[in-house]
Amino acid sequence: MKWLALPALAAAAYYLLAIIAAALWKNGGKTSAAGSRKPLSILKPVRGRDPRFWEAIRSHAEQDYGEFEILFGLTDPNDPAIADIERLQREFPARHISLHIVSTDAPNIKVGVLAELARRARHPILLVNDSDIKVEPGYLREVAAPLEDPGIGLVTCLYRAAAESTASRAEALGIATEFAPSVLVARLLGVAEFALGSTMVFRAETLREIGGFPSIAEFIADDYQLGRRISQRGYHIHFTPSVVETNLGAGSWAQTWRHQLRWSRTIRVSRSSGYYGYVVTHATLWALVAFAAGQWMAGAAAIGLRLVAGVWIGTVILKDRNAARGFWLIPPRDLFGFAVWLCGAFGNTVDWRGQKLRLRSDGRIW
């Protein structure tokens, strides 16, 4: 039965790599925010009023950056988020803040909206992030500065999540202690073609080189496709140490399940090899298997390193205080995550903001 210790040892090795990656990230991830501040356009596709949407968009308008504009794009003229956008325009009259009602037939509606916003943007640097992202002071300076290097084609960053219900807090814990470690390990191992929708900053010229947003309008994982295509042009994808925050609100367990399942199936159809290789990261499951087989040392190594890596990365890198407070919830959350991963291996439909989308095996929507 000693062979049943092997998955636990593999999981332990993975989280040891996460700890090493975190140490290198912390010591080597600083970048300078000095340099010219080229005018920048923030493109914000919006659909519905996310939790704390007002706080999120206000944090962008408050930025001290020089010349920048914020373009909001919506498809519904009665969208409840419009009231907050108009309030932002009134509160920051000196800022160039515009609201655009967009009609699109793109399979990925968000990308269709982005294509129209990019067409109307006035500046050479474009920033795209999700509508619920809240940023810290100095964010624009830090994420735009790396583009002074002509070899860098896209800048992105990690994120943490705030939550207001038990189910959403479990999802936030997964982001801080499972997803973020996976990003660090991927970067450590040289997997550097992806970007995160929490922040994507790139030159308008580079976007044109890859065919613009219409070239990725059929794909569910627009952030992955954008990063991959820019990387294929020979540019580097740069992760800045900035960390932004999303808000998951007070979602139910059913909502959390649907959200996680969409994410899981999206990863599977975008990077299938990485998805199935991800099985090794389920340390809690493999620790339980090892314990059941009497392989106590292997099980303890897996669960111990899992907890250390998750809490360290969550608290030190993401500055998510709940990662330490809720460390004892990591094992049961991991088992929930394994159930999502298992179901994500099958099926081709996802739920996106009330829409039922069907996915092809190459990640296209149909």
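The values are calculated or read from the model by the stated rules, or taken from the named source; none is laboratory data. Owing to the predicted nature of the structure, the values given are computational and were not obtained by experimental measurement. Positions of Cβ are generated from backbone atoms using ideal geometry, with glycine treated the same way; all protein chains shown enter the neighbour counts. Only protein heavy atoms, including side chains, enter the accessible area calculation; ligands, DNA and RNA are left aside. Shrake-Rupley method; radii C 1.70, N 1.55, O 1.52, S 1.80 Å.
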| Of Ser231, Gly212, Val185, farthest towards positive along the dipole that unit charges on Lys, Arg, Asp, Glu beta carbons give the chain | Val185
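How many lysine pairs in the chain, separated by 8 or more positions in sequence or lying on different chains, have Cα atoms less than 16 Å apart?
Total qualifying Lys-Lys pairs in the chain comes to 6.
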| field | Relative packing of 143-153, 300-310, which averages over residues the other C-beta atoms within 10 Å, highest first | value | 300-310, 143-153
| query | Going toward the positive end of the dipole of the chain, with +1 on Lys and Arg Cβ and -1 on Asp and Glu Cβ, which of Thr281, Ser98, Leu261 do you reach last? | reply | Thr281
| Near Ala121, within a Cβ-to-Cβ distance under 14 Å, what is the net charge of the other residues, with Lys and Arg +1 and Asp and Glu -1? | +3
| note | The alpha-carbon center of the range 98-130 and that of the range 45-76 are separated, in whole Å, by 13 Å
| query | Sorted by mean Cβ packing within 10 Å, highest first, what order do the peptides 57-66, 347-356, 127-136 take? | reply | 127-136, 57-66, 347-356
| Charge dipole (debye, nearest 20) of the chain; +1 at Cβ of Lys and Arg, -1 at Cβ of Asp and Glu | 540 debye
| Which cross-chain or sequence-distant (5 or more) residues have an amide H under 5 Å from the amide H of Thr199, H modelled 1.01 Å from N in plane? | Cys157
| Based on the Cβ-Cβ distance of Asp76 and Glu205, what FRET efficiency does E = 1/(1 + (r/R0)^6) give at R0 = 22 Å, to the nearest 0.05? | 0.10
| request: Would you mind classifying the range 186-288 by shape? Square roots of the alpha carbon gyration tensor eigenvalues, ordered a ≥ b ≥ c; an a/c under 1.5 is rounded, otherwise it is prolate if a/b is larger than b/c and oblate if not. | output: prolate
| note | Sorted by accessible surface (1.4 Å probe, heavy atoms of the protein chains only), largest first, Phe291, Phe92 come out as Phe291, Phe92
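Counting Lys and Arg as +1 and Asp and Glu as -1, each charge on the Cβ, what is the dipole of the range 268-366 about the Cα centre in debye, to the nearest 20? Walk me through the numbers on the way to the answer.
Details: 12 positive and 4 negative charges, 83 e Å.
With only Lys, Arg, Asp and Glu charged at Cβ, the dipole is about 400 debye.
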| query | Taking a probe of 1.4 Å, how large is the accessible area per residue of the range 226-366, in Å²? | reply | 48 Å²
| request: Can you send over the carbon and sulfur percentage of the accessible area for the chain, probe radius 1.4 Å, protein chains only? | output: 57 percent
| request: Might you report the magnitude of the Cβ-based charge dipole of the range 50-103 about its Cα centre, with Lys and Arg at +1 and Asp and Glu at -1, to the nearest 20 debye? | output: 100 debye
| field | Dipole-positive endmost among Gly251, Leu88, Leu74 within the chain (Cβ charges, Cα centre) | value | Gly251
| query | What does the helix-only formula give at 222 nm for the chain: each DSSP H stretch with n ≥ 4 adding -39500 (n - 2.57), the total divided by the residues, and the result rounded to the nearest 500 deg cm²/dmol? | reply | -14000 deg cm²/dmol
| Are there any helices in the chain, counted as whole DSSP H runs, that stretch 30 Å or more along their axis by Cα and score at least -1.0 on average by Kyte-Doolittle, and if so which? | 6-28
| Area of Arg258 that stays accessible when all protein chains are in place (1.4 Å probe, Å², to 10) | 110 Å²
